[in-house]
Structures are given as structure tokens and as C-alpha cells.
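What follows is a short report on a single structure.
The values are calculated or read from the model by the stated rules, or taken from the named source; none is laboratory data. Since this is a predicted model, take the numbers as computed values, not measurements. Because the Cβ atoms are built from the backbone with ideal geometry, glycine has one as well, and the counts that use them run over all protein chains shown.
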Amino acid sequence: MKIIRNEKFDEERALYSSDGIELYSTAFDGPADGESALKESKNIYAEDCYFNLRYPLWHCTGVTLTECKMTELCRAALWYTDGIEIKGSRLEGIKALRECKNIKVSDSFISSAELFWFSDGIELDSDEISGEYCMLRSKNIKAENLTFKGKYSFQYIENATFDGCDFDTKDAFWHARNVVVRNSRVKGEYLAWYSENVTFENCEIIGTQPLCYCKGLKLINCTMTDCDLSFELSEVEATLLNSPTSIKNPKHGRISLPSPTELILDGESACEILYPAFR
């Protein structure tokens with residue numbers, strides 16, 4: 001195992017195709033402005049390192065980043081990489097991870113548009129993430145204690161669980177399939193349109209026109225705040241702890257409410273509306 005401490009690299013492909021390397025307090029920065037510093041490398045451990053150049057970790061296998069910083073200039077930092085662990089780090093460049101596999105991120109801050117695109121196997125624990133179009137078409141996702149802010153998130157994802165999360169996001173979970181969200185706050189407009197087999201359990205849902213055009217939608221012991229025109233043309237089974245502002249044209253299923261609410265029917269509906277739900 002090669003060990004590098006307190007050095008600085010700025011040339012193109014500075015450590016290209018390394019196999020077994022430990023980096024401590026090392027910077028990838030400088031006037032040469034070289035990109036792809038660790039491309040095609042294996043078994044990389046970096047601690048307290050500073051990345052300020054583009055594309056440092058493409059086509060790699062086995063990467064661990066501990067208490068590292070990737071700046072806004074560190075664009076597209078990890079692509080086509082398998083086996084990534086990121087701990088206590090800060091990533092700020094656009095498109096930070098794409099088409100990667102087996103990713104674990106904990107206690108980290110990420111501000112990155114178009115993050116986690118087309119990736120498989122994502123585990124998040126106690127992270128703060130912001131950015132638009134997060135996780136587009138990714139699958140096999142597990143997130144706990146995630147704080148997320150951004151638009152157009154989690155679209156076309158498959159096979160995911162989110163627990164204890166706080167989302168402030170618009171157009172989230174569109175076309176998502178086989179997703180469970182538990183014990184979470186979900187704030188944003190137009191939630192989960194066109195989704196299939198999505199379940200919200202013990203969640204607070206906030207925002208206009210949620211949960212429309214869904215198939216196999218379930219809500220278990222959820223609250224809905226400022227949710228008007230809910231469930232339009234959706235197949236839904238819901239037990240709610242409060243009543244949404246209004247329900248419009250639910251397609252099929254059953255919605256249990258504690259009190260009446262405005263029901264808007266412009267056509268036929270095979271959805272049963274029950275209240276009071278609890279006696």
C-alpha cells in the first residue's frame with residue numbers, strides 16, 4: 001500500500017491507474033488544472049483531502065473518502081465507479097456521482113445538481129443533500145435520517161426505502177416504483193404523480209395536488225396539510241389522521257378520513273370515501 005501525505009497534485013491524470021494507495025491531507029489543485037487525477041484506480045483511501053479539479057475518480061473500484069472536501073470546481077467527481085464509501089465529507093460539484101454501484105454515504109453534506117443518476121445500490125445515513133434531479137433512474141436505495149432540499153427528486157427510481165427523512169422538494173417521486181417512505185415529512189407540490197406501488201407510512205405530506213395518476217398507492221396513518229385536489233385518477237388505499245383540503249376524482253380504492261372534506265367528482269369514481277375513520 002502506497003502512502004502519500006501532505007502533497008499537492010495538479011497535473012493531468014496525476015495518479016492514474018493506481019492500485020492500493022492511501023492519501024492523507026493531500027490536495028488536487030493548482031495552475032496546471034489537470035483532470036482525472038485517479039482515473040481507472042483501485043483500492044483508494046483518502047482522508048482529509050481537498051479536491052478542486054474535475055473528474056478525479058472515474059472508472060474506479062473501491063474508493064473511501066473520509067472527511068474530504070470536493071469543491072464546486074470538482075465537477076462530475078465519481079462516475080462509473082463501483083464500491084464507494086463517503087464519511088463526514090462535503091461534496092459541492094455538479095453531477096457528483098453518476099452510473100455508480102454500491103455507494104454508502106454517512107454524516108456528509110452534498111450540494112450537487114443531477115446527483116446519483118443511473119446508480120444501483122445507494123445507502124444514505126444522516127446526510128444533508130440539496131440539488132435538482134437527484135437520483136434520476138436509480139435503484140436499490142436505502143436512506144435513513146436524510147434531509148433533502150431540491151426540485152424534481154427521485155424520479156423513475158425503483159426499489160427504495162426512506163425512513164426518518166425530511167424532504168422539501170417539488171415534483172418528487174414521479175414515475176417511482178416499489179418505494180416505501182416511513183416516519184418522514186414530505187413537503188412539495190405534485191408529489192409522486194404517475195408512481196406505482198408507493199407507500200407512505202406515518203408521514204406528514206404537505207403541498208398542492210399530491211398523489212395523482214398513481215397505481216398501487218398506499219397511505220398508512222398519514223397527515224395531509226394544504227393538500228388540495230388530492231388523488232386525482234389514482235388507485236389508492238389510504239387511512240388518514242386528518243382530512244386533506246380536497247379530494248378530486250380518485251379512480252379506485254378506499255380512503256378513510258376522520259372528518260368530511262371537499263370531494264370533487266367530474267366523472268365516474270370507484271373509490272370509497274369513509275368517515276369517520278375511527279370510532
Mind listing whichever residues of region 18-35 are touching a Leu at 6+ places or on another chain (Cβ under 9 Å), within 19 Å of Thr64 (Cβ to Cβ) and not in a strand (DSSP E or B)? Ser18
Single match in Gly207, Gly216 (criterion: among the small types (Gly, Ala, Ser), surrounded by fewer than 17 Cβ atoms within 10 Å (Cβ to Cβ) and closer than 20 Å to Arg182 by Cα): Gly216
Is it true that Arg98 is in contact with a Lys or Arg (Cβ under 6 Å, 6 or more places away or on another chain) and within 23 Å of Leu53 (Cα to Cα)? no
Please give the strands (runs of 3 or more DSSP E) falling wholly within region 189-249 in which 2 or more residues are among the charged types (D, E, K, R) and at pLDDT 95 or above. 196-201, 235-240
If you go through region 74-94, how many residues are crowded, with 19+ Cβ neighbours inside 10 Å and not hydrophobic (A, V, I, L, M, F, W, C)? 4
